[in-house]
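Here is the structure we will look at, set down as structure tokens.
The values are calculated or read from the model by the stated rules, or taken from the named source; none is laboratory data. On a predicted model such as this, the values are computed, not experimentally measured, just so you know. With ideal geometry, Cβ positions are generated from the backbone for all residues, glycine too; neighbour counts draw on all protein chains shown.
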């Protein structure tokens, strides 16, 4: 099984996904050049955000077609990991399908699968119930919890308390406040805590126990099925 993976961001995803892949699919080895594909490998790169990721998806399909036509090891799956933000999954899939149709692209012995972060990847991280502090010292953190308690309710369904922030911006702020209460740090460039297997295990348990963070669960189920 060989994967060609396009992720939206150039920070969080590129740091977290490869580490999580080691835990969940240790048989897959990351390669740095897409043309170096061999058995049980994956290639990953950033699509540079929205909307440029949609152009990169088209280029990736063309790239895989060229690689798969040369003979030897082939890519089986093009995996797209993208923030849903204010869109819904259907809108994302429609955009991708329309781009594929308008470019008259065909698939040379591989398939495309789309995994959305609903709302963003930080939304998944909010699913760790052990990080949450029910009685935080920080007043702003208390206000966030009063607005929406991410332990009792699915983080993926959380909106934003004002028009100043998008859902993704608020989820990011909420996560940072939760970490600060535990005297821990999180940022787009410092994802060390969420990379840990214990953190990932908490997200898996939340999904299995409650079916919350279902977009994470869909990605998790797919990756573990590769074994």
- Filter segment 185-227 for residues that are assigned to a loop (DSSP other than H, G, I, E, B) and over 16 Å from the mean Cα position of the chain (by Cα); which is surrounded by the most Cβ atoms within 10 Å (Cβ to Cβ)? 186
- Note on the structure: Those residues of segment 147-184 which are part of a loop (DSSP other than H, G, I, E, B) and within 12 Å of residue 126 (Cα to Cα) amount to 148, 149, 150, 151, 152, 153, 154, 158
- Note on the structure: Among 135, 130, the single one that is in contact with a helix residue (DSSP H, G or I) (Cβ under 7 Å, 6 or more places away or on another chain) and over 30 Å from residue 76 (Cα atoms) is 130
- Note on the structure: Selection over segment 12-60 where residues are in contact (Cβ under 8 Å) with a residue 24 or more places away in the chain, in a helix (DSSP H, G or I) and under 16 Å from residue 79 (Cβ atoms) yields a count of 15
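Determine, yes or no, whether residue 112 is at pLDDT 95 or above and outside any helix (DSSP H, G or I).
yes
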- Message: Given the criteria more than 15 Å from the chain's Cα centre (by Cα) and surrounded by 14 or more Cβ atoms within 10 Å (Cβ to Cβ), does residue 133 qualify?
- Response: yes
- Query: Looking at (1) at pLDDT 95 or above; (2) more than 27 Å from residue 212 (Cβ to Cβ); (3) more than 16 Å from the chain's Cα centre (by Cα), which is the one condition that is false for residue 70?
  - Reply: (1)
- Flag if residue 116 is on the phi < 0 side of the Ramachandran plot, without any contact (Cβ under 8 Å) to a residue 60 or more places away in the chain and either under 21 Å from the mean Cα position of the chain (by Cα) or surrounded by fewer than 13 Cβ atoms within 10 Å (Cβ to Cβ) (or both): no
- Item | Pick from segment 62-95, criterion assigned to a helix (DSSP H, G or I) and touching a helix residue (DSSP H, G or I) at 6+ places or on another chain (Cβ under 7 Å), ranking: surrounded by the most Cβ atoms within 10 Å (Cβ to Cβ) | 67
